[in-house]
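The values are calculated or read from the model by the stated rules, or taken from the named source; none is laboratory data. All of these numbers come straight from a predicted model, not from anything done at the bench. We place every Cβ from the backbone using ideal geometry, glycine too, and count neighbours over all the protein chains shown.
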Amino acid sequence: MRIGCLAWGSLVWDPRTLPMAGEFRHAGPRLPIEFSRVALDGRVTLVIDPAAPGLQTFWVPLASTKLEAAIDTLGERERIPSDLRPRYVGALARGADGLDARGETPSDCLAVIADWLEKEALDAVLWTALPSRTPEGELAHPSYESLLAHLRSLEGGDRARAEEYIRRTPHPIRTPRRAGFEAHLGWHPVD
């Protein structure tokens, strides 16, 4: 089985143990990506956000040939507990009866991923499907103002990790909130 993995944030510049069979390519499907999730460590991270504009994502072929093993590896890299991986690791695989979708991803985004998969020489594709989360921990869409206030409140190592995530996000991932963080915090991209 040929499996690919989609990415748009730290997975591109810090894949860690993800079993890649090549380099990330800026040739994934166009998905609505935005800084709309406050992680448990305080960083504001990129997720699929239906309210965001579509951006071309990245993808990489994986060395893993077993779908369940690839899902577990991505789940481990993203620190998603094993019991939550069926919800928060998205997957689309070709099967005898058509495409099999897993994870909680908006149907219009699944359609875009399915169209992309049809054009690629892959049998399956995975992605991180974590939902938006507010600074208060609610699974809801946070406002830009609440995220900016949250980032301004961080100190020390928490602030440094949050700044690194935003600044190291791949250059082509130009979102409205990223532009705002650059203007208000001075967190401009680095290579």
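Key figures for this structure:
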read-out: Restricting the range 22-44 to residues that are over 13 Å from A129 (Cβ atoms) and of a type in the set (V, I, T), the residue that is surrounded by the most Cβ atoms within 10 Å (Cβ to Cβ); value: V44
read-out: Residue satisfying condition, being buried (at least 19 other Cβ atoms within 10 Å of the Cβ), among the small types (G, A, S) and within 21 Å of R177 (Cα to Cα), within set S153, S64, S132, S143; value: S132
read-out: Subset of the range 38-73 [farther than 20 Å from A27 by Cα and aliphatic (A, V, I, L, M)]; value: V38, A39, L40, V44, A51, L67, A69, A70, I71
read-out: Matching entry among L40, L99, L74, L92 (being outside any strand (DSSP E or B) and touching a Leu at 6+ places or on another chain (Cβ under 9 Å)); value: L74
read-out: Matching entry among D49, D41, D97 (being free of Cβ contacts under 8 Å to residues at least 40 places away in the same chain, farther than 21 Å from D191 by Cα and among the acidic types (D, E)); value: D97
read-out: V60 touching a Cys at 6+ places or on another chain (Cβ under 7 Å), part of a strand (DSSP E or B) and among the β-branched types (V, I, T); value: yes
read-out: Unique residue being over 24 Å from G54 (Cα atoms) and modelled with pLDDT of 95 or more when the list is G90, G95, G180, G137; value: G137
read-out: Exclusive hit being under 17 Å from I33 (Cβ atoms) and of a type in the set (A, V, I, L, M), set A140, A179, A149; value: A179
read-out: Single unsatisfied condition, E104 versus (1) surrounded by fewer than 16 Cβ atoms within 10 Å (Cβ to Cβ); (2) within 20 Å of D191 (Cα to Cα); (3) under 16 Å from the mean Cα position of the chain (by Cα); value: (2)
